[in-house]
Amino acid sequence: MSMQKPPALISRRTAVGGLAAGAASLALPALAQTGPVRIGYAIARTGPWAGGAQVSQEPNFLLWAEQQNAAGGLDVKGKRRPIELVSFDDRSETETCVRTYEKLMGSDKVDLILPPWGSTANFAVAPLANRYGYPMLAPTALSRKLIDMNLPYFFSLLQQPDRMMGALVDMLVANGVKTIAIIYMDDLFGLENFAALNTALKKTSIQVLDRKSYPLGVKDLSPVLRSFKDQNPDAFIGITYPPDTILASKQSKETGFNPKFFYASVGTAFQLYRNVMTPAGAEGVLGMGSWNSKTNARAKAYFDAHTKKFGGKEPDRWASGACWASLEILTAAVAKQGLDRKAIRDHVAKTEHDTILGKMKFTGSENTATPGSVGQWQNGEFEIVWPKSMATAALVPAKPAWK
């Protein structure tokens, strides 16, 4: 069967229409081997998860599908077949997310799936994907508990909490930090990273002056930040989601809390953070990051393509890179193994992969090739500053005053 122009991707408007309505409109008959490759996913377009999902994941899914279709379709063992994305808004609700994936894999029987956003959603969906036998390459799951579940079909690309917090603590020790104060999200991501941070700190002489948890959707952190300011720590550590990262930064500026090291996690590597805080206001702020457009030529090409497609919106310098790497791995696996999901799983598990983040290899579910890292805003770019082996710039060891 000869292929004409690949069909357009399912529109966002159709996909956002809701699970019930969307399921009816997207239901398709069984397709021949020359038909579209149907790839399903649920992602947060609304609710508190949307800030991260709409920066780090879904734009990459759309760019990847567009690029593959522009090349004639996804290479399926030497034959090009167009990609058809079947997607829904999970509304930042774990139950909706799980229910959607169950339908995509169970009754819709899509060819492949792409993962949801965040540790909580991945923790809920990964066992389901394993039960149905769908490889799941997750770029935003930061959970040692999930890794330890030993699910054969689940692969996590991000550096796990012990690696990320270990790198952070190594950097603080190397730069003479004696005291810190910590805030952390009261959810799976926050609790696991907080535990990993505490474990790493026990091997040092750094004193924790204060630690406070906060709930999802917090609107005011100023009382905590004022208390921290009074204690005058050398470093502030925020294990935070994007809205809270910006909130903590804005309110630290308002309260005059400006420790030598100011570290917040998810969202710091976003262009949005730099835009909201202004480049001068973001200067010296630290956070989770693992790449930028200077990392290598392929990273630069991806960065430029993303920025062009989305009207100047840049990928973030942490999980966006892991997301694109996951799509590179999936593309190569399908080219080699076709749509045999067991064969894809085995290929992912046993192969050393060449990605924009460098060589990547899985031990069980974990990417054990990429070390933990720390990024820092410097002159409008989120530079990788630790460890020195993967740095794109040297650490500035004292944050300037908020501007």
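Backbone phi angles across region 127-136, fed through the Karplus curve with coefficients 6.51, -1.76 and 1.60 (θ = phi - 60°), yield HN-Hα couplings of x, 5, 4, 5, 5, 7, x, 10, x, 9 Hz in residue order; Gly and Pro are listed as x. Highest average first, the peptides 393-399, 299-305 ordered by how many other beta carbon atoms sit within 10 Å of their residues are 299-305, 393-399. For region 45-110, the solvent-accessible area with a 1.4 angstrom probe is 36 square angstrom per residue. Of 194, 155, the residue with the largest accessible area leads and the full order is 194, 155 (1.4 Å probe). Taking the longest Cα principal axis of the chain as reference, the axis of helix 94-106 is set at about 30 degrees.
Mean sequence separation of contacting Cα pairs (under 8 Å, at least six apart), scaled by the length of region 175-330, corresponds to a relative contact order of 19 percent.
Largest mean-square fluctuation among 146, 209, 197, in a Gaussian network model of the chain whose springs join Cα atoms under 10 Å apart, belongs to 209.
Across the chain, counting alpha-carbon atoms alone, Rg and Dmax equal 21.1, 72 Å. The angle separating the long axis of helix 242-255 from the principal Cα axis of greatest extent in the chain is about 20 degrees.
Using the empirical formula 2.2 N^0.38 Å as the baseline, the Cα radius of gyration of region 332-402 reaches a ratio of 1.59. Shape class of region 189-345 from the Cα gyration tensor (axes a ≥ b ≥ c, square roots of the eigenvalues): prolate, since a/c reaches 1.5 or more and a/b is larger than b/c. Note that region 214-222 has calculated 3J(HN,Hα) couplings of 8, x, 4, x, 4, 10, 8, 10, 4 Hz, one per residue in order, obtained from phi through the Karplus relation 6.51 cos²θ - 1.76 cosθ + 1.60 (θ = phi - 60°); glycine and proline are x.
One chain, two ends: residue 102 and residue 389. Fully extended at 0.36 nm per residue, the span grows by 99.1 nm beyond their Cα-Cα distance. Could you check which residue among 376, 251, 159 shows the biggest mean-square fluctuation in a GNM of the chain with a 10 Å Cα cutoff? Evaluated over the chain, the most mobile residue of the options is 251.
State the percentage of accessible surface on region 267-403 attributable to carbon and sulfur atoms; use a 1.4 Å probe and exclude ligands, DNA and RNA.
C and S fraction of accessible area: 56 percent.
Specify whether the C-alpha gyration tensor of region 256-403 places it in the rounded, prolate or oblate class, a ≥ b ≥ c being the square roots of the eigenvalues: rounded for a/c under 1.5, otherwise prolate if a/b is larger than b/c and oblate if not. Taking the square roots of the gyration eigenvalues as a ≥ b ≥ c, region 256-403 is prolate.
Scalar couplings 3J(HN,Hα) for region 392-403, obtained by applying the Karplus form with A = 6.51, B = -1.76, C = 1.60 to θ = phi - 60°, are 9, 7, 6, 4, 8, x, 7, 5, x, 4, 4, 10 Hz; x denotes Gly and Pro.
So how strong a dipole does the chain carry about its Cα centre when Lys and Arg Cβ are +1 and Asp and Glu Cβ are -1, to the nearest 20 debye? Before the final figure, lay out the partial values.
On the way: 46 positive and 35 negative charges, 107 e Å.
Result for the chain is approximately 520 debye, rounded to the nearest 20.
With all protein chains in place and a 1.4 Å probe, the accessible surface of region 197-266 carries 47 percent carbon and sulfur.
Of all beta bridges that DSSP places with both ends in the chain, some 35 percent have antiparallel geometry.
When the chain is described by a simple charge dipole with +1 on each Lys and Arg Cβ and -1 on each Asp and Glu Cβ, the residue from 133, 241, 69 located farthest towards its positive end is 69.
About the centre of its Cα atoms, region 303-403 shows a dipole size close to 120 debye [charges on the beta carbon of Lys, Arg (+1) and Asp, Glu (-1) only; nearest 20 debye].
Pairs on different chains or at least eight residues apart, Cα atoms closer than 15 Å: how many lysine pairs in region 264-351 fit?
Qualifying lysine pairs in region 264-351: 5.
Here region 131-172 and region 252-310 have alpha carbon centers that stand 22 Å from each other. The mean sequence separation of alpha-carbon pairs under 8 Å and at least six residues apart, normalised by the residue count of the chain, gives a relative contact order of 17 percent. Take every pair of alpha-carbon atoms less than 8 Å apart whose residues are at least six positions apart; their mean separation over the length of region 281-403 yields a relative contact order of 32 percent. The residue among 252, 335, 263 whose Cα reaches farthest toward the positive pole of the charge dipole of the chain, with charges on the beta-carbon of Lys, Arg, Asp and Glu, is 335.
The values are calculated or read from the model by the stated rules, or taken from the named source; none is laboratory data. Every value quoted in this text rests on a predicted model; they were computed, and no experiment measured them. In this analysis, Cβ positions are derived from the backbone assuming ideal geometry, glycine residues included, and neighbour counts consider all displayed protein chains. All accessible areas refer to the heavy atoms of the entire protein, side chains included, with ligands and DNA or RNA removed. Shrake-Rupley method; radii C 1.70, N 1.55, O 1.52, S 1.80 Å.
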